[in-house]
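**Student:** If you scroll down you'll find the structure; I have some questions about it.
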Amino acid sequence: MSLRVMWCDEFVRLDPLSGAALDADGQQAALPPVQLIGVRDSFASFQLAVGPLGKGDAVRVTGGDLKGRGKGSISRRQYDVFVEWYVPGDGKWYPDVCVPQDLVGGSTPGFRKLNGVDQGRYAGFWVDLFIPADAAPGEYTGKVTVTAGGEKVDMPVALHVGAARLGPDCCLDVSMNNYADSISGGWKGLSDDPDRFFKAKYQRVEQGVFRAAHEHRAFLHYLSYGHSGYVTPSFAPPLEGEGPRKRV
């Protein structure tokens, strides 16, 4: 069966079983080319649905250089590709988490089985394209290449870069609330280690989460306690003494 590649914007959710839009209110996946609009020093994002898949098919997405109408170009290195992780709800599967493609090797049979959607016919991907601050305004064209089961499909990408540029000043309008240690649950060997807060791996994970939030014009509202009010070790300076003699 011939491989099909569809795309949609950031707001549509596609079903991994059928490729159809979920709770769509008239929205649906689109055929090529991918149509993007963005300003300089910002991200333009889209999703891909690839299928129908055989049980043994591993799917991978690779970005290519974009060429402007003049001498301008945007390097393929500005693409970040993520495999979508699905969560169940009301008998449906919703894409909810973006797993770096390079971390898992793409949408592999093992990845889909671990996610519980190995019966699905479509693999979902989230693709970020960063538009450099020095990119020339105008029209760019390029492609992303999808490989699966011995087939290869080139998906054309058309990008309009506006003349505006997001400034370097802090303008973070999205707050992602995080109660103390919820970030370590997805990392093997961290959540079960009582001394994790004082180890280098935890510090790298924590730093990476902050960096990813800031790159997407958001911030991590990092509360040092859980719902019980207990303050997680290392999230606050140690105290000693009692009553009025208590001090840092």
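The values are calculated or read from the model by the stated rules, or taken from the named source; none is laboratory data. For clarity, every value in this text was computed on a predicted model and none was experimentally measured. All Cβ positions, even for glycine, are placed from backbone atoms using ideal geometry, and neighbour counts span all protein chains on display. The protein model used for the area step is the full one, side chains on, heavy atoms only, and it has no ligands, DNA or RNA in it. Shrake-Rupley method; radii C 1.70, N 1.55, O 1.52, S 1.80 Å.
**Student:** So who's got an amide H within less than 5 Å of the one on Ala133, skipping anything under 5 residues away but keeping other chains? H placed 1.01 Å off N, in plane.
**Tutor:** Those lying under 5 Å, H to H, from Ala133 are Asp41.
**Student:** If you don't mind, another one. Determine the sum of side-chain charges near Gly72: Lys and Arg each +1, Asp and Glu each -1, restricted to other residues whose C-beta is under 14 angstrom from that of Gly72.
**Tutor:** Here the charged neighbours net out to +1.
**Student:** Take Glu215, Glu242, Glu139 and sort them by solvent-accessible surface of the protein heavy atoms, 1.4 Å probe, largest at the top.
**Tutor:** The most accessible residue leads, giving Glu242, Glu215, Glu139.
**Student:** Could you go through region 90-97 in sequence order and give the Karplus-derived ³J(HN,Hα) for each residue, using 6.51 cos²θ - 1.76 cosθ + 1.60 with θ = phi - 60°, rounded to whole Hz, and x for Gly and Pro?
**Tutor:** Running phi through 6.51 cos²θ - 1.76 cosθ + 1.60 with θ = phi - 60° gives 6, x, 10, 10, 10, x, 9, 10 Hz.
**Student:** Can you compute the modelled spin-label distance between Asp134 and Leu166, with each label point 7 Å from Cα toward Cβ, in nm?
**Tutor:** Those two pseudo-labels are separated by 2.0 nm.
**Student:** Another one. Between helix 200-215 and the chain, what is the angle of the helix's C-alpha long axis to the longest principal axis, kept within 0 to 90° and rounded to the nearest 10?
**Tutor:** So the helix axis and the longest Cα principal axis differ by about 50 degrees.
**Student:** With every protein chain left in place and a probe of 1.4 Å, what is the accessible surface of Tyr86, to the nearest 10 Å²?
**Tutor:** Approximately 10 Å² for this residue.
**Student:** Using the Karplus curve 6.51 cos²θ - 1.76 cosθ + 1.60 with θ = phi - 60°, work out ³J(HN,Hα) for each residue of region 113-125 in order, rounded to whole Hz, and write x for Gly and Pro.
**Tutor:** 5, 4, 6, x, 10, 5, 7, x, 9, 10, 9, x, 9
**Student:** In a GNM of the chain with a 10 Å cut-off on Cα contacts, which of Val97, Val83, Val144 has the highest mean-square fluctuation?
**Tutor:** In the Gaussian network model the winner is Val97.
**Student:** Rounded, prolate or oblate: which one fits the chain, using the alpha carbon gyration tensor with axes a ≥ b ≥ c (rounded when a/c is under 1.5, else prolate when a/b beats b/c, else oblate)?
**Tutor:** Judged from the Cα gyration tensor, the chain comes out oblate (a/c at least 1.5, b/c at or above a/b).
**Student:** Of Trp85, Trp7, which has the most accessible area and how do the rest follow, probe 1.4 Å?
**Tutor:** From most accessible down to least: Trp85, Trp7.
**Student:** Would you kindly derive the ³J(HN,Hα) couplings of region 28-37 from the backbone phi angles with the Karplus curve 6.51 cos²θ - 1.76 cosθ + 1.60 (θ = phi - 60°), listing them in order in whole Hz, with x for Gly and Pro?
**Tutor:** Values, residue by residue: 7, 5, 10, 8, x, x, 5, 10, 10, 10 Hz.
**Student:** Mind listing the long-range amide H neighbours of Ala20? Cut-off is under 5 Å, sequence gap 5 or more, other chains count too, H placed in the peptide plane at 1.01 Å from N.
**Tutor:** Under 5 Å from the amide H of Ala20 lie the amide H atoms of Asp15, each far enough along the sequence or on another chain.
**Student:** Further question on the same structure: For a Förster distance of 22 Å, can you work out the FRET efficiency between the beta-carbons of Ser175 and Lys92, rounded to the nearest 0.05?
**Tutor:** 0.20
**Student:** Among Leu17, Leu159, Leu114, determine the one that fluctuates most according to a GNM of the chain built with springs between C-alpha atoms less than 10 Å apart.
**Tutor:** Top of the fluctuation ranking is Leu114.
**Student:** Within the chain, count lysine pairs with alpha carbon atoms under 27 angstrom apart where the residues are 8 or more positions apart or belong to different chains.
**Tutor:** For the chain, qualifying lysine pairs total 14.
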